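Visitor: Okay, handing you the structure first.
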Protein chains: 2
Amino acid sequence: MVKTQSFKLVLCLVCSIILNIFFLFKVGGEWNLSWSKRAATEAEAVAAISCSGHGRAYLDGLVLDGNKGPVCECNTCYGGPDCSQFFPDCSADANGGDPLFLEPFWMQHAASSALLVAGWHRMSYSYADRSTISIELERHIRKLHDIVGNAATEGRYVVFGAGSTQLLSAVVYALSPDNSSSPARVVASIPFYPIYEKQTDFFQSVDFHFQGDTSFWKNNSDTDTEIIEFVTSPNNPDGQLNTAVLHGPNVKEIYDHAYYWPHFTAIPAPADGDVMIFTLSKLTGHAGSRFGWAIIKDKDIYQRILTYLTLNTMGVSRDSQLRALKLLKVVLATGGREIFEFGHETMRKRWENLNKVISTSKRFSLQKITPKYCTYFRQIRGASPAYGWLKCEKQEDQHCYAVLQAANITGREGSIFFAEDRYVRLSLIKSQDDFDLLLDKLNRLVAREEGPRTM
Amino acid sequence: MVKTQSFKLVLCLVCSIILNIFFLFKVGGEWNLSWSKRAATEAEAVAAISCSGHGRAYLDGLVLDGNKGPVCECNTCYGGPDCSQFFPDCSADANGGDPLFLEPFWMQHAASSALLVAGWHRMSYSYADRSTISIELERHIRKLHDIVGNAATEGRYVVFGAGSTQLLSAVVYALSPDNSSSPARVVASIPFYPIYEKQTDFFQSVDFHFQGDTSFWKNNSDTDTEIIEFVTSPNNPDGQLNTAVLHGPNVKEIYDHAYYWPHFTAIPAPADGDVMIFTLSKLTGHAGSRFGWAIIKDKDIYQRILTYLTLNTMGVSRDSQLRALKLLKVVLATGGREIFEFGHETMRKRWENLNKVISTSKRFSLQKITPKYCTYFRQIRGASPAYGWLKCEKQEDQHCYAVLQAANITGREGSIFFAEDRYVRLSLIKSQDDFDLLLDKLNRLVAREEGPRTM
């Protein structure tokens, strides 16, 4: 009797000790966490809010009266408190360039991409070397270009901007003559990204003017006036690997390489323009962080850009730089393999699916992109552009945007890119929900071409 | 014998169970932490790096070969791997406007001000309402002004910028006539913050030109040309609560209220200019986050500013906005009491100590600031300006900067503020180390006035 009791006690003791060891083992790392606990708990609580896979809650989301946590922010055509409601009659939104196709990648890499910012992190205007550019981040950017092989960085300068947006403008200022009687002509090849013209017009500088399409200046013999040519490669909207159209001692190119990443294109060789612009938005998908960089060959130009950036914003937010560093560390951990395989695979599938639908149509066509050898993947890779550049082929469909709109599809008018309105840009880089909806509406539209079919 | 054994077993069991309960209780909150653990652990490890109280290590600091963690970044005149080495012959740096006097406040509020950013946080270009302005953050900013009583916000618009720097420029663009034959005249009252002139000159717009000191335009009867007057209150460099100098139907004021917080001045009444600019830099001390805001009365002006911000940077980094929100939540948790008492007390003491030294000198003088009733603290508060505006009184000391430099003190020349070089601005808002060093060098300099004293 006493023995059995002793045996039971020993058993209980053993169990309890095992539980203790389990606690010690399980808790391990965070045993010593102190001041960071609250922030970590808060972030995990928000991440745990269920939005049915059709939305997400953010730490700085709206908090409605009576609610403890922030509300779900739903994908287009989804609603309700947990985004579970689907609105089938709602328009597919293929308008904007929000790179949400990469959001699932970051959700899958939650632990390595999370960032804890201390309250006293980088309060100064400058880093220890008195610059506004993080040396660690610059080092990671150079390493990334070396690994991807998409840009020559050796012996060149790197500057940071609030997205490529700020840099496009900074570089135009830096390349323009100072107080000259003939301001620089800023040009681009149709179809082109509209911001080039909008910025140049809005800032109304005495030093430069937007002067339209490159083709107009091709046979122009006036070499006294400086020309600044935007070369977008791959091009937005049509995904082509554009090269400079104008040449001569008075022509300077700005290479906008926002999309020159293995997600969207084969990488035939490292780009080596004198002025090249990249952005985090289309690399990791973090458009909201407003972080971009330029790679500059000439020291004087580099210093003029720095002056612009100082007077405009005193450099890029240290919070954005810290975030970019964290994200690039995740990208580099596998030599880019994980993110570029994920990105390319997602974009390639979307492009294939879009082509499958459009190929059955006589009313619409898409741009052709030839597969090329990719030095990064070391194989020929199928096309995977960021946008479909859709053309309405029928004589009467002059306003292609309206044709799509009537079928509940919102694209972006060709005229916005200074092309004919027979074209529409369809964004393929948004969320999977957005793309699925686009495909579904396009399918219905194409199916109606030959009169109603049996679905 | 058996009974004693049983007793021992029970004792062990009880102890073990108590330990189990302790584990459960102690671990509590973070028991469920998963993906955020790594980031939290990493941040705490960096924060635990000892820099002897004369520096700090940052998450994105330089990592030297062979080291695991980032290096210490030391305050001026401190060095060595842990910043414990003091260089007594080094120059006191009272030049820049780094608001590090608030750094200890955030270190004391580590838990409430820490922020964990998920890898997928706010990847979009816009918030749910398609704007680039966080509604939650705007709500907190309005609440803060209501509590502090330093600005009227009701019925007005709020826009965000990358620090006040970007907004100063955005507002000049927005207030200038479009394509008019007579560009707006941009003016300010000497001594003034040099960026007003530098920005206006650098951006070379056809719509505005910098035209110097307000006094020149005081009796000017030309009312056809628009005048944009910068009114800095409190003024940088001299801390005075400036008011507009020019008046008339063609005059528009930009109120730069960067320093209009209880740290630096009594708050006599809410500011209610048509265009008012504030910045996080001088409120919480986070200059590196590049976050500011403007409060705008007129809808058209507000919309022109939004256009500028969209074309310039597509709004402010969502990372900066998230950080600003977190910091403002800490500020608001005590109705501003904790931070403003800390800030005012620090600045008041520094001002008193500086005055004590200068009052014993015949060679130098400081600006006078009259104590005023502060509606926030509900009492008359002694002066606590951000800068000392030092004057060299001796006839021969025309270049005051050089006089100080010879005594190992680096200030900022009066001519940078368009004033006489008989003046020098001394920054009082930097780290305690910087201020202590400044005071020490000034003490020695003043002590030498009457020949060597017994120290």
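The values are calculated or read from the model by the stated rules, or taken from the named source; none is laboratory data. Values in this document were obtained by computation on a predicted structure and should not be read as measured data. Cβ: placed from backbone, ideal geometry, glycine included. Neighbour counts: every protein chain shown. These accessible areas exclude ligands, DNA and RNA; they are computed on the full protein's heavy atoms, side chains included. Shrake-Rupley method; radii C 1.70, N 1.55, O 1.52, S 1.80 Å.
Visitor: Would it be correct to say that A:Gly97 is at the interface with chain B (Cβ under 9 Å from one of its Cβ atoms) and in contact with an Asp or Glu (Cβ under 7 Å, 6 or more places away or on another chain)? Spell out the reasoning first.
Guide: Working: at the interface with chain B (Cβ under 9 Å from one of its Cβ atoms): yes; in contact with an Asp or Glu (Cβ under 7 Å, 6 or more places away or on another chain): no.
No; evaluated as a whole, the condition is false for this residue.
Residues are listed down the side, and each one gets a yes or a no for (1) within 30 Å of B:Gly285 (Cα to Cα); (2) open to solvent by 10 Å² or more (accessible area, probe 1.4 Å); (3) aliphatic (A, V, I, L, M):
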{"residue": "B:Ser189", "(1), (2), (3)": "yes, yes, no"}
{"residue": "B:Ile195", "(1), (2), (3)": "yes, yes, yes"}
{"residue": "B:Phe203", "(1), (2), (3)": "yes, no, no"}
{"residue": "B:Leu246", "(1), (2), (3)": "no, no, yes"}
{"residue": "B:Ala269", "(1), (2), (3)": "yes, yes, yes"}
{"residue": "B:Val275", "(1), (2), (3)": "yes, no, yes"}
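Visitor: Another one. Only one of A:Ser84, A:Ser126 is more than 30 Å from A:Gln405 (Cβ to Cβ) and of a type in the set (S, T, N, Q); which?
Guide: Values: A:Ser84 fails: more than 30 Å from A:Gln405 (Cβ to Cβ).
Residue meeting the stated conditions: A:Ser126.
Visitor: Name every residue in region B:258-288 that is within 10 Å of the chain's Cα centre (by Cα) and either acidic (Asp, Glu) or within 14 Å of another protein chain (Cβ to nearest Cβ) (or both), in order of residue number.
Guide: Of everything in region B:258-288, those that are within 10 Å of the chain's Cα centre (by Cα) and either acidic (Asp, Glu) or within 14 Å of another protein chain (Cβ to nearest Cβ) (or both) turn out to be B:Ala258, B:Thr279, B:Leu280, B:Ser281, B:Lys282, B:Leu283, B:Thr284, B:Gly285, B:His286, B:Ala287, B:Gly288.
Visitor: Oh, and also: Does at least one position in region A:405-416 carry a residue that is under 19 Å from the mean Cα position of the chain (by Cα) and touching a residue at least 60 places away in the same chain (Cβ under 8 Å)?
Guide: Scanning region A:405-416, I find at least one residue that is under 19 Å from the mean Cα position of the chain (by Cα) and touching a residue at least 60 places away in the same chain (Cβ under 8 Å), so the answer is yes.
Visitor: Kindly indicate which of A:Thr165, A:Thr153 is open to solvent by less than 20 Å² (accessible area, probe 1.4 Å) and touching a His at 6+ places or on another chain (Cβ under 8 Å). Lay out the reasoning, then the answer.
Guide: Details: A:Thr165 fails: touching a His at 6+ places or on another chain (Cβ under 8 Å).
Answer to the selection: A:Thr153.
Visitor: Same structure again: Considering every residue within region B:251-267, establish whether at least one is open to solvent by 30 Å² or more (accessible area, probe 1.4 Å) and part of a loop (DSSP other than H, G, I, E, B).
Guide: Within region B:251-267, the first condition is being open to solvent by 30 Å² or more (accessible area, probe 1.4 Å), and the residues that meet it are B:252-253, B:255.
If we keep only those that are part of a loop (DSSP other than H, G, I, E, B) too, we end up with none.
Among the residues of region B:251-267, not one is open to solvent by 30 Å² or more (accessible area, probe 1.4 Å) and part of a loop (DSSP other than H, G, I, E, B), which makes the answer no.
Visitor: Residues to consider are A:Phe230, A:Phe160; find the one that is out of contact with any Gly (no Cβ under 8 Å at 6 or more places or on another chain) and not assigned by TED's automatic domain parsing to the domain that holds A:Thr370.
Guide: Values: A:Phe160 fails: out of contact with any Gly (no Cβ under 8 Å at 6 or more places or on another chain).
After ruling out the rest, the residue left standing is A:Phe230.
Visitor: Of everything in region A:180-194, what is in contact with a His (Cβ under 7 Å, 6 or more places away or on another chain) and more than 15 Å from A:Leu168 (Cα to Cα)? Give them in sequence order.
Guide: Passing the criteria: only A:Pro183.
Visitor: Closer than 23 Å to A:Pro237 by Cα and within 13 Å of chain B (Cβ to nearest Cβ) - does that describe any residue in region A:361-379?
Guide: So in region A:361-379, the residues closer than 23 Å to A:Pro237 by Cα come out as A:361-374.
If we keep only those that are within 13 Å of chain B (Cβ to nearest Cβ) too, we end up with none.
Checked against the condition, which is being closer than 23 Å to A:Pro237 by Cα and within 13 Å of chain B (Cβ to nearest Cβ), region A:361-379 yields no hits at all.
Visitor: Looking at region B:44-57, can you tell me whether even one residue there is at positive phi, more than 7 Å from chain A (Cβ to nearest Cβ), in contact with a helix residue (DSSP H, G or I) (Cβ under 8 Å, 6 or more places away or on another chain) and assigned to a loop (DSSP other than H, G, I, E, B)?
Guide: no
Visitor: Have a look at A:Thr165, A:Thr153, A:Thr200, A:Thr225 and point out the one that is over 17 Å from A:Ile305 (Cβ atoms) and not aliphatic (A, V, I, L, M). Before you say what the answer is, go through the steps one by one.
Guide: Working: A:Thr165 fails: over 17 Å from A:Ile305 (Cβ atoms); A:Thr153 fails: over 17 Å from A:Ile305 (Cβ atoms); A:Thr200 fails: over 17 Å from A:Ile305 (Cβ atoms).
The unique qualifying residue is A:Thr225.
Visitor: Further question: Are there any strands (runs of 3 or more DSSP E) wholly within region B:140-222 with 1 or more residues that are under 26 Å from B:Ala266 (Cβ atoms) and among the hydrophobic types (A, V, I, L, M, F, W, C), and if so which?
Guide: Values: elements: B:157-161, B:184-188, B:208-213.
Ranges flagged: B:157-161, B:184-188.
Visitor: So, one more: Restricting region A:113-137 to residues that are more than 7 Å from chain B (Cβ to nearest Cβ) and among the polar types (S, T, N, Q), which is farthest from A:Leu59 (Cα to Cα)?
Guide: Going through the qualifying residues, I end up with A:Ser131.
Visitor: Given the options A:Gln395, A:Gln405, A:Gln367, name the one that is open to solvent by 80 Å² or more (accessible area, probe 1.4 Å) and not assigned by TED's automatic domain parsing to the domain that holds A:Gly149. Walk me through how you get there before you give the answer.
Guide: Working: A:Gln405 fails: open to solvent by 80 Å² or more (accessible area, probe 1.4 Å); A:Gln367 fails: open to solvent by 80 Å² or more (accessible area, probe 1.4 Å).
The match here is A:Gln395.
Visitor: Would you say A:Lys329 is in contact with a Lys or Arg (Cβ under 6 Å, 6 or more places away or on another chain), touching a residue at least 24 places away in the same chain (Cβ under 8 Å), of a type outside the set (A, V, I, L, M, F, W, C) and surrounded by fewer than 23 Cβ atoms within 10 Å (Cβ to Cβ)? So that I can check it myself, show each step before the final result.
Guide: Values: in contact with a Lys or Arg (Cβ under 6 Å, 6 or more places away or on another chain): no; touching a residue at least 24 places away in the same chain (Cβ under 8 Å): yes; of a type outside the set (A, V, I, L, M, F, W, C): yes; surrounded by fewer than 23 Cβ atoms within 10 Å (Cβ to Cβ): yes.
No.
Visitor: Go through region A:105-139 and give me each residue that's within 25 Å of B:Met107 (Cβ to Cβ) and assigned to a helix (DSSP H, G or I).
Guide: Within region A:105-139, A:Ile135, A:Glu136, A:Leu137 meet the criteria.
Visitor: Follow-up question, since we're still on this one. Starting from residues that are among the β-branched types (Val, Ile, Thr) and part of a helix (DSSP H, G or I), keep the ones in region A:315-356 and report whichever is farthest from the other protein chains (Cβ to nearest Cβ). Spell out how you get there, then give the answer.
Guide: Taking region A:315-356 first, the residues among the β-branched types (Val, Ile, Thr) are A:316, A:330-331, A:334, A:339, A:346.
Cutting the leftovers down to part of a helix (DSSP H, G or I) gives us A:330-331, A:339, A:346.
Working: A:Val330: 7, A:Val331: 11, A:Ile339: 11, A:Thr346: 14 Å.
Of everything passing the filter in region A:315-356, A:Thr346 is farthest from the other protein chains (Cβ to nearest Cβ).
Visitor: Name the single residue that is surrounded by the most Cβ atoms within 10 Å (Cβ to Cβ) among those in region B:33-53 being over 28 Å from B:Ser84 (Cβ atoms) and polar (S, T, N, Q).
Guide: Out of the qualifying residues, it is B:Ser36.
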